[in-house]
1. Give me the net charge for the shell around THR43: Cβ to Cβ below 12 angstrom, other residues only, Lys and Arg +1, Asp and Glu -1.
2. Treat every Asp and Glu Cβ in region 1-59 as -1 and every Lys and Arg Cβ as +1, leave all other atoms uncharged, and give the resulting dipole magnitude about the Cα centre to the nearest 20 debye.
3. Net charge near ALA19, counting Lys/Arg +1 and Asp/Glu -1 over other residues with Cβ under 13 Å of its Cβ?
Amino acid sequence: MCQHQPPCPSADSPDREAALLVAHFPEQGWSLLCNGVLLFEDTGELLPDGRIIAPHRPPIAEHATTAA
């Protein structure tokens with residue numbers, strides 16, 4: 001699918017999100033990468049073969065408060 005040299009990572013690669021953007025629709029919350037992956041703003045992904053990758057944002061650190 002990718003015509004770039006060197007080619008973008010495939011949709012099956014662990015680094016698939018490093019592929020170049022083909023289309024970007026921030027108002028709709030998604031982008032299409034050169035390798036056919038749909039990347040959503042919540043970090044979820046839809047692979048070209050229909051597999052779904054759940055959102056994988058890093059957990060938000062909770063701030064502990066203590067009363068003195």
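1. Net charge around THR43: -3.
2. Dipole size: approximately 80 debye.
3. Combined, the nearby Lys, Arg, Asp and Glu give -3.
Laboratory data are not the source of any read-out in this text; all were calculated from the coordinates shown. Keep in mind it's a predicted model, so treat the numbers as computed, not measured. Positions of Cβ are backbone-derived with ideal geometry, glycine not excepted, and every protein chain shown enters the neighbour counts.
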